[in-house]
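Below is one structure, written out as structure tokens; comments come after it.
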Amino acid sequence: MTKNLKDSFSAAGAGRRPGAAAPSGPGTSRAPGGPGPATSAAGGSGASSPGAGGTRSPATGPSGTGTGTGDAPPAPAALAAKVRTLSPSMTRSMQRVAEAVAGDPAGCAALTVTGLAELTGTSEATVVRTARLLGYPGYRDLRLALAGLAAQQQSGRAPAVTADIAVDDPIADVVAKLAHDEQQTLADTAAGLDTVQLGAAVTALATARRIDIYGVGASGLVAQDLAQKLLRIGLVAHAHSDPHLAVTNAVQLRSGDAAVAISHSGSTGDIVEPLRVAFDHGATTVAITGRPDGPVSQYADHVLTTSTARETDLRPAAMSSRTGQLLVVDCLFIGVMQLTYDAAAPALAASYEALAHRHSPRTR
């Protein structure tokens, strides 16, 4: 581990409450999911945030999508991944714009905002809103990204098209198609992951007194994986799949604690409720979700977006979503390991030593 790697994560939380998106000053309230004060629909600032045990104002719109002021626009390679991730939450007219730019970046890069609006049967305002939702300040920035993506594709780096798995597919084809889908999910998640949000989440977990992790179903398995990893490096972390137990534990959280919610849909009530309780009690909250505009993000200080893979009859969304979630969990763990290396390395070594005899060959 290099000093630069440790410093890069430390910088994300420098000068702030551990894991907080930004400090809250008098007359402002911190909006979860990204930096800066929350604003009302009219554009004014909200009331000041109460301290631990009080309530904070939840976000009123999508958060953690990398579209906030001061965020760098996504790289050209990330454009297709952003479209796949955000398209399900777009209006139908915005979906037409997004599908057009992802399907023909070279052709769309040559169009004015008026031309793209005419091509997709939408309005100029819809084109601009779509560009901003995808993370670009305006249509000009989107055109530049499209030109860059077109150049990459012409150099032989065009993305492959995933074929559905058929009931009568030979097992060799199933292996090849699943491997391709897994690779695409990982690539999309990596391309769309906001590293500023990731760094702040790492800082929050590394400095937390206690960490609660919420997940049910397939996401519950991922929650257990994260908890086990953190426990092995000496952190106090517990995964909760029972919604009642999750809420009763969330009530005990305070400032200096952290809570992580894992929900692909971002709308699972059994996950949203404990995260809301943790948020209201002052804990730093993190959401790992495929829907950054979902209800769970309203109560998250930091939102980490995973790829939204296509669901098929033979491969439910729960299977494909878990791949992206596990990547984010591994990123969190490695980041925390880097920040706490002096304490984490001996703890990890001790856990290996404690289990070593269980892996030794048995003698008869």
Residues of the range 294-306 satisfying the condition of being open to solvent by 10 Å² or more (accessible area, probe 1.4 Å) and within 11 Å of the chain's Cα centre (by Cα): Thr305
Pair list, Cβ < 8 Å and 6+ apart or interchain, from the range 112-132 residues that are within 13 Å of Leu146 (Cβ to Cβ) to residues that are polar (S, T, N, Q): Val127/Thr120
Answer residue from the range 209-235, given it is over 19 Å from the mean Cα position of the chain (by Cα) and not charged (D, E, K, R) and is least open to solvent (accessible area, probe 1.4 Å) among those: Ile233
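Conditions tested, residue by residue: (1) at pLDDT 95 or above; (2) closer than 16 Å to Val216 by Cα; (3) open to solvent by 20 Å² or more (accessible area, probe 1.4 Å).
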residue	(1), (2), (3)
Ala287	yes, yes, no
Pro292	no, no, no
Thr308	no, no, no
Arg315	no, no, no
Ser320	no, yes, no
Ile334	yes, no, yes
Cβ pairs under 9 Å, 6+ apart, first in the range 81-105 and within 15 Å of Arg132 (Cα to Cα) and of a type in the set (Val, Ile, Thr), second open to solvent by less than 10 Å² (accessible area, probe 1.4 Å) and not in a helix (DSSP H, G or I): Val83/Leu134; Thr85/Gly290; Thr85/Pro292; Thr85/Thr306; Thr85/Ser307; Val101/Leu134
Failed item in (1) open to solvent by 10 Å² or more (accessible area, probe 1.4 Å); (2) closer than 21 Å to Gly335 by Cα, with Gln252 passing the rest: (2)
Tally, over the range 79-136, of residues that are closer than 21 Å to Gly266 by Cβ and part of a loop (DSSP other than H, G, I, E, B): 4
The range 85-103, subset closer than 14 Å to Gly192 by Cβ and among the hydroxyl-bearing types (Ser, Thr, Tyr), residue modelled with the lowest pLDDT: Thr85
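The values are calculated or read from the model by the stated rules, or taken from the named source; none is laboratory data. All figures in this text were calculated on a predicted structure; none of them were measured in a lab. Neighbour counts run over all protein chains shown; Cβ positions are idealised from the backbone, glycine included. Only protein heavy atoms, including side chains, enter the accessible area calculation; ligands, DNA and RNA are left aside. Shrake-Rupley method; radii C 1.70, N 1.55, O 1.52, S 1.80 Å.
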